[in-house]
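Below is one structure, written out as structure tokens; comments come after it.
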Amino acid sequence: MKLFHKSLLLFVLIGCVSLSHAAVWDIDPSHSHVGFRIRHLVTKVNGQFDKFKGSLNFDEKSLKDLSALADIDTSSVNTNEPKRDTHLKTADFFDVEKFPSMTFKSTGVKNLKGSQFQLVGDLTLHGITKPVTLDVEMGGVTQDPWGGTRSGFSAKGMLNRKDYGMVWNKALDNGGFLVGDEVEIDIEVEAVKKK
């Protein structure tokens, strides 16, 4: 019994030591980008969300337990065309009055190879939660000129807007539709380590 208790204590201590290196990193919105791309007729239109916040939790020496949280203000959607942005904010798309934000909460890391990995998580958008997978590459960790420590990540993914109840479209006279269903996700994150 004593051996069992000693083993249990050792296991707990090892767990505490391994967790002690993890740190919280706040996303710096002024040096980050949450973008998307979707087909319109015969080309693709780029857009972004100008307001968002979030954090990462990870050990610089091991990304296998990295976790991420993000909250994105849907009313900040920006495609550089005011009329289109107004339409995107209506019930046809984001319905920002009813759903003022979308959230992402990671559930795990898989296929970790060096600085590249897949981040799996739940995206809640338009009142619907679905799993998504992001292909992520860590750009590195460095000291900034102001005495802080910063990390950088690039992430890409894909989702179908219809999975989130965004089904509005317009049929074209010559066949096809005005707007595509597949949305490409393009994210750049610079995060500051909490002291």
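Quick rundown of the values:
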quantity: When residues of the stretch 162-184 are limited to those that are part of a strand (DSSP E or B) and among the aliphatic types (A, V, I, L, M), the one surrounded by the fewest Cβ atoms within 10 Å (Cβ to Cβ); calculated: A171
quantity: Pick from the stretch 138-153, criterion of a type outside the set (G, A, S) and exposed (fewer than 14 other Cβ atoms within 10 Å of the Cβ), ranking: nearest to S67 (Cα to Cα); calculated: T142
quantity: T124 being under 23 Å from R37 (Cβ atoms) and either part of a strand (DSSP E or B) or hydroxyl-bearing (S, T, Y) (or both); calculated: yes
quantity: Scan of the stretch 116-127 for residues that are surrounded by 13 or more Cβ atoms within 10 Å (Cβ to Cβ) and either of a type in the set (D, E, K, R) or in contact (Cβ under 8 Å) with a residue 24 or more places away in the chain (or both), ordered by number; calculated: F117, L119, G121, D122, L123, L125, H126
quantity: Selected residue (only one of L19, L88 is at pLDDT 95 or above, more than 19 Å from the chain's Cα centre (by Cα) and among the aliphatic types (A, V, I, L, M)); calculated: L88
quantity: Failed item, numbered, when I187 is tested on (1) within 16 Å of H33 (Cα to Cα); (2) in a helix (DSSP H, G or I); (3) of a type outside the set (S, T, Y); calculated: (2)
quantity: Residue among E60, E97 that alone is within 19 Å of V189 (Cα to Cα) and surrounded by fewer than 18 Cβ atoms within 10 Å (Cβ to Cβ); calculated: E60
quantity: Considering residues of the stretch 100-115 that are of a type in the set (V, I, T) and either surrounded by 15 or more Cβ atoms within 10 Å (Cβ to Cβ) or on the phi > 0 side of the Ramachandran plot (or both) only, the residue farthest from the chain's Cα centre (by Cα); calculated: V109
quantity: The stretch 136-171, residues that are in contact (Cβ under 8 Å) with a residue 60 or more places away in the chain, hydrophobic (A, V, I, L, M, F, W, C) and closer than 20 Å to H87 by Cβ; calculated: M166, W168
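The values are calculated or read from the model by the stated rules, or taken from the named source; none is laboratory data. What you are looking at is a predicted structure, and each value in this text was computed from that prediction instead of being measured. Ideal geometry is used to build each Cβ from the backbone, glycine not excepted, and the neighbour counts take in all protein chains shown.
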